[in-house]
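I have placed the structure first, in the form of structure tokens, so that the comments after it can refer back to it.
The values are calculated or read from the model by the stated rules, or taken from the named source; none is laboratory data. Everything numeric in this text was worked out from a predicted model, so none of it was measured. Virtual Cβ from ideal backbone geometry, glycine too; neighbours counted across all protein chains shown. We work out accessible area using only protein heavy atoms, side chains counted, and drop any ligands, DNA or RNA first. Shrake-Rupley method; radii C 1.70, N 1.55, O 1.52, S 1.80 Å.
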Amino acid sequence: MDPARHLETGTYIARQPIYNQQLGVHAYELLFRTATSPDSATASDAATSHVMLSAFGEIGLDALVGSRLAAINMTWRLMEELRELAVPAGRMILDLPPSLPCDEDAVQLLRGLSGQGYVLALDDYVPGTSRDALLPVVHQVKIDTASSRPDDLRLIFRGLKTTQVEKVAKKVETLEDYEFLRDLGFDYFQGYFLSRPRVFRAVNLPTGKLTVLRLLARLQQPEMDVHELQHLIAQDPGLAFKLLKLINSPFFGLNRQVDSLARAILILGHRKLVTWACMLVLSGLEDRPAGLVHLCLQRAGLCERIARMAGRRPVERYFTAGLFSALDLVMERPLPQVIGPLPLDDEIKRALLEGEGELGEVVACARACETDQVESVVFADLLREDIMNAMLEAGQWADEVQSVSISGTVRR
């Protein structure tokens, strides 16, 4: 089965412990599996990338490995892209395949990844090959002990004596094997004798929603400058068209026609344009009930209005908190799985996931408005009546935003 095709319906992740000499869990190796072959791993760019998506998004790294390290089989192409991915380097072991180049470019890449905090492991290590050139820049070697005789393993150890690399024994099948390998000096152990893999299943987001989530994440990156923002929006012609239609509508009441994204950014400002772009992206989700998208927009607008009435600044942060607090409804995923991959700052994440701070209080107040929990409609010293009126205004505003995706214009 083609991994990419299989991943449209779900990803199976096998997790196998890697033990230390005291048989405590040091790390977990994560492997892509298919529904038809749950006992065999699949190695490819698609398989590795979807293991990472599951680990850092759909299932969650904490759910898979807790506080332990995650060991993932890598490919050369994905290693080159790691610098662009927002994954926690300090929690990953990169298993380097035998096909990895052993030239100077590879050495420089590995040094850079090591400097970022990744643990590098030569998988299926065999001495006396060109891979020995990588020993000075890696942290571990993984050895298939099931296919090696005891005398061969002793020779490997003597050859590695002058290096600082840790030795990982793979395919430990019996108690006698484990005791021999431990006494020989292996640092870590993995195999069916110790533990069989446990399989997890991730139900992946449909392609359209995954694209939406990625676009929302990129729009939220604070370091994105005006030119990058313009280029990103221009990649989605429908979004660019809707933004220009929006800014030229009576909703904004401008005297001059705006005919370019660059001018739209100048008029609205970076943060406000990002906010509207997020709204239009969500409004364009055709497979979700309009009522859910409306609720998402209304909550964001209400949080912003509450913050403005209470004199809290910047109001855009409250808008963002309100927006992302409702993404679980739109994406049909638990909020921690939706929020986890997004580059939101820690304060907003704590507000959304733990209800901390004033951002968390505003979101709680908005939710109370939606569920008619009148006694919980409180924030700062605002009157409850004013907050409820703000909710009505936010609902009307959400209607106006949604109308952009339907008719291309905004009604007053």
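Here are the numbers for the structure shown:
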quantity	calculated
Meets criteria (open to solvent by 40 Å² or more (accessible area, probe 1.4 Å), farther than 19 Å from V338 by Cβ, touching a helix residue (DSSP H, G or I) at 6+ places or on another chain (Cβ under 7 Å) and modelled with pLDDT of 75 or more) for R91	yes
Residues located in the range 109-125, provided they are out of contact with any helix residue (DSSP H, G or I) (no Cβ under 8 Å at 6 or more places or on another chain) and outside any strand (DSSP E or B)	G115, D123, D124
Filter pass, L155 being of a type outside the set (V, I, T), closer than 27 Å to R91 by Cα and assigned to a helix (DSSP H, G or I)	no
Failed item, numbered, when V378 is tested on (1) under 20 Å from T275 (Cα atoms); (2) of a type in the set (V, I, T); (3) surrounded by fewer than 18 Cβ atoms within 10 Å (Cβ to Cβ)	(1)
Qualifying position, being touching a Cys at 6+ places or on another chain (Cβ under 6 Å), without any contact (Cβ under 8 Å) to a residue 40 or more places away in the chain and either closer than 18 Å to T75 by Cβ or not in a strand (DSSP E or B) (or both), among A133, A106	A133
Positions within the range 155-176 being of a type in the set (S, T, Y) and either open to solvent by less than 20 Å² (accessible area, probe 1.4 Å) or under 19 Å from V138 (Cβ atoms) (or both), in sequence order	T162, T163
Residue match in the range 130-142 (condition: within 20 Å of A27 (Cα to Cα) and of a type in the set (D, E, K, R))	yes
The range 331-344 - residue that is in contact (Cβ under 8 Å) with a residue 60 or more places away in the chain and within 19 Å of T275 (Cβ to Cβ) and, of those, surrounded by the most Cβ atoms within 10 Å (Cβ to Cβ)	V338
Qualifying positions in the range 346-367 - farther than 15 Å from R305 by Cβ and of a type in the set (A, V, I, L, M)	I348, A351, L352, L353, A364
Of all residues in the range 136-152 being more than 13 Å from C102 (Cβ to Cβ) and part of a helix (DSSP H, G or I), the one that is least open to solvent (accessible area, probe 1.4 Å)	T145
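Yes or no, residue by residue, for (1) open to solvent by 20 Å² or more (accessible area, probe 1.4 Å); (2) at pLDDT 80 or above; (3) more than 29 Å from F186 (Cα to Cα):
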site: V25; (1), (2), (3): yes, yes, no
site: T36; (1), (2), (3): yes, no, yes
site: L53; (1), (2), (3): yes, no, yes
site: M74; (1), (2), (3): no, yes, no
site: E80; (1), (2), (3): yes, no, yes
site: P98; (1), (2), (3): yes, yes, no
site: R111; (1), (2), (3): yes, yes, no
site: A121; (1), (2), (3): no, yes, no
